[in-house]
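Notes for the one structure printed next.
The values are calculated or read from the model by the stated rules, or taken from the named source; none is laboratory data. Treat the numbers as computed from the prediction; the structure is a model and nothing was measured. Every residue, glycine as well, gets a Cβ built from its backbone with ideal geometry; the counts of neighbours run over all protein chains shown. Quick note on the areas: whole protein, heavy atoms, side chains included, nothing else; ligands and nucleic acids left out. Shrake-Rupley method; radii C 1.70, N 1.55, O 1.52, S 1.80 Å.
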Amino acid sequence: MSAVELQGVELSLGQGAARVHILKGVSLVIERGETIGLVGPSGSGKSTLLMTIAGLERPDGGSVHALGQDLVSLNEDGLARFRGRNIGVVFQSFHLIPTMTALENVATPLELAGEPNAFERARAELAAVGLADRAEHRPAELSGGEQQRVALARALVSRPAILVADEPTGNLDETTGRQIADLLFEKTAERNATLIIVTHDNALAARCGRTIRLRSGRIEPAERAA
């Protein structure tokens, strides 16, 4: 069973005259354990494709399967439950809850899922990304790199089979971005997870096992890393 399979996905965003056709007949298969770089010009549909894979955008047509589950057939509650168990998401702008500590931010997905040992697991995940001593700090007290480590810990704490990351190094300086990239690849490899990254960073894309290039909402022929 593949990690992700899309067939003929069509998706438009906006209303009325402002509606824009973003994804145009996108079909692709991503196998379990692959590392994928989604690349292409701004506006080519990379982030929209990533959010569709994660079940955060619903296509207008076509099919989206993740780990064998038909995402199109699920209602919003079903999608949320599936994501909570199986898909971790890392955003460029971190999306941490400012009033919560790092520990509370990481524990939140587990608490929502009713896990009894949410804080114990969250503390272990923070330690795994090198932030054991920053657990009680709120986002405003953390650097950008530290905030992205917290976001990564939050995405990984549910032990997802698929991790998607939208420009995860885009708001970071080169050195910090490389450290975050190292963590992404290291942690997903440790857990045999599938990693899908949207990036404008050619060096980051080159670290992936396969590159998928989008242009004007369509996939160009993929290239495999040497």
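Worth a mention:
- For region 119-129, the condition of being at pLDDT 95 or above, over 24 Å from Ala189 (Cα atoms) and within 21 Å of the chain's Cα centre (by Cα) holds for none of the residues.
- Under the condition of being within 17 Å of Val157 (Cα to Cα) and of a type outside the set (Phe, Trp, Tyr), the residues counted in region 173-195 number 13.
- Within region 28-65, tally of residues that are under 22 Å from Gly88 (Cα atoms) and either surrounded by fewer than 14 Cβ atoms within 10 Å (Cβ to Cβ) or not β-branched (Val, Ile, Thr) (or both): 22
To keep it simple, each residue is scored yes or no on (1) among the hydroxyl-bearing types (Ser, Thr, Tyr); (2) in contact with a Pro (Cβ under 8 Å, 6 or more places away or on another chain).
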| site | (1), (2) |
| --- | --- |
| Val9 | no, yes |
| Arg32 | no, no |
| Gly55 | no, no |
| Gly61 | no, no |
| Arg81 | no, no |
| His95 | no, no |
| Thr101 | yes, no |
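- For Glu10, the criteria (1) in contact with a His (Cβ under 8 Å, 6 or more places away or on another chain); (2) closer than 14 Å to Asp166 by Cβ; (3) open to solvent by 50 Å² or more (accessible area, probe 1.4 Å) hold in every case but one, which is (2).
- Listed by first and then second residue, the pairs with beta-carbon distance under 7 Å, at least 6 apart or on different chains, first residue in region 63-86 and closer than 21 Å to Gly33 by Cβ, second hydroxyl-bearing (Ser, Thr, Tyr) and modelled with pLDDT under 95, are Arg85/Ser158.
- Pairing each residue of region 19-42 that is acidic (Asp, Glu) with any residue that is surrounded by fewer than 14 Cβ atoms within 10 Å (Cβ to Cβ), provided the two are 6+ apart or on different chains, yields C-beta distances under 7 Å for Glu34/Gly209.
- Being among the small types (Gly, Ala, Ser) and more than 17 Å from Ile22 (Cβ to Cβ) is true of Gly78.
- Test: Thr175 is modelled with pLDDT under 95, among the β-branched types (Val, Ile, Thr) and surrounded by fewer than 24 Cβ atoms within 10 Å (Cβ to Cβ): yes
- Scanning region 178-193 for residues that are open to solvent by 50 Å² or more (accessible area, probe 1.4 Å) and either within 20 Å of Val29 (Cα to Cα) or touching a residue at least 60 places away in the same chain (Cβ under 8 Å) (or both) yields Ala189, Asn192.
Residue-by-condition table, conditions (1) free of Cβ contacts under 8 Å to residues at least 12 places away in the same chain; (2) open to solvent by 40 Å² or more (accessible area, probe 1.4 Å); (3) assigned to a strand (DSSP E or B); (4) not acidic (Asp, Glu):
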site	(1), (2), (3), (4)
Gly114	yes, yes, no, yes
Ala122	no, no, no, yes
Ala140	no, yes, no, yes
Gly145	no, no, no, yes
Ala165	no, no, yes, yes
Thr169	no, no, no, yes
Leu195	no, no, yes, yes
Thr211	no, no, yes, yes
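- Residue within region 137-145 that is at negative phi, among the acidic types (Asp, Glu) and under 20 Å from the mean Cα position of the chain (by Cα) present: no
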